[in-house]
Amino acid sequence: MKIFCIIPAYNEEKTIAEVIEKVKKNVNEVIVVNDGSKDETKKLAKEKGAVVLSHIINRGQGAALETGNQYALNKGAEIIVHFDADGQFLAEEIKDIVSPIVRGEADIVFGSRFLGKKSNLPQFKKHIIIPLAHLVNKIFIGATLTDPQNGFRAMSSETAKKITIEQDGMAHNTEIISKSFENNLKIKEIPVTVIYHNFGQRFSGGLKIIKDLILSRLIN
Ligand SMILES: Nc1nc2c(ncn2[C@@H]2O[C@H](COP(=O)(O)OP(=O)(O)OP(=O)(O)O)[C@@H](O)[C@H]2O)c(=O)[nH]1
Ligand SMILES: [Mg+2]
């Protein structure tokens, strides 16, 4: 099947080349959505042979994923994988995340850090952000997944047509889960590995996730 991998990237010059190199062995097309990066992300991604779509200004990870999804659908993708640019996911796990879709057992598959595989999560993320995301999902969706803030997922093209990502920022995670339930999709979770290289630096990112999550729900 024709598998497209969408990699949203914002100032990821340190990791983007290696991530593309590894991902391209596992998929048919690699699409980097460069979201107004101020570093060499775009140049490096092009050199590695990825298709690079660019937002002129930074619009957020959710907006970048939607740009990527639309492109992939237009180009005839059958399965779309979302994969981070920061080198935290393992490209060899792409085959595991797409396989339930290939076998017709799922419409959308979510990666989870809490189903057996080891991930060295920072305490702030583990004890504050993830429980908060669970709470927000339970209150607003009435359901949650084991890892509501995991950006590693795969969906069929039919699913991508049903799920338009309208949350530009970090609340897209909750939005995708919510729309999967609303559309009665066949949902599956599989264990994935998430590696943390640089502890402590993502504290402000964590606060942004909390702000996006709560604001998006208050507005909707
Ligand atoms: N396009 C785009 N991508 C972004 C933006 N912010 C983050 N990303 C990308 O989204 C992915 C995840 O971002 P992170 O900041 O690592 O978020 P996270 O993985 O949920 O958080 P950690 O668990 O702390 O790593 C990476 O590939 C980033 O480059 C943004 O504003 N625009
Ligand atoms: Mg990350």
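Per q in 0.15, 0.21, 0.23 1/Å, what log10 I(q)/I(0) does a Debye calculation on the alpha-carbon atoms of segment 89-220 return? Debye output, listed in q order: -0.73, -1.37, -1.53. Each 5 Å bin from 0 upward holds the following percent of the Cα-Cα pairs of the chain: 1, 7, 16, 20, 22, 19, 11, 4, 0. Rounded to the nearest 20, the Cβ-based charge dipole of segment 2-55 about its Cα centre (Lys and Arg +1, Asp and Glu -1) stands at 200 debye.
The charge dipole of the chain, taken about its Cα centre with unit charges on the Cβ atoms of Lys, Arg (+1), Asp and Glu (-1) only, comes to about 260 debye. Screening the chain for whole DSSP H helices with an alpha carbon extent of at least 27 angstrom along the helix axis and a mean Kyte-Doolittle hydropathy of at least 0.0 yields nothing.
Tally up the carbon and sulfur contribution to the accessible surface of segment 46-99 as a whole percent, 1.4 Å probe, everything protein left in place. Taking all protein chains in place, segment 46-99 shows 51 percent carbon and sulfur surface. DSSP finds beta bridges in the chain, and of those with both partners inside it, around 25 percent are antiparallel. Take 67-76, 166-175 and order them by the average number of nearby Cβ atoms within 10 Å per residue, most first; the result is 166-175, 67-76. Once the 1.4 Å probe is applied to the protein heavy atoms, the chain comes out at 47 Å² accessible per residue.
The values are calculated or read from the model by the stated rules, or taken from the named source; none is laboratory data. For clarity, every value in this text was computed on a predicted model and none was experimentally measured. Here Cβ is always computed from backbone atoms with ideal geometry, including for glycine, and neighbour counts include all displayed protein chains. Heavy atoms of the whole protein, side chains included, go into the accessibility calculation; ligands, DNA and RNA do not. Shrake-Rupley method; radii C 1.70, N 1.55, O 1.52, S 1.80 Å.
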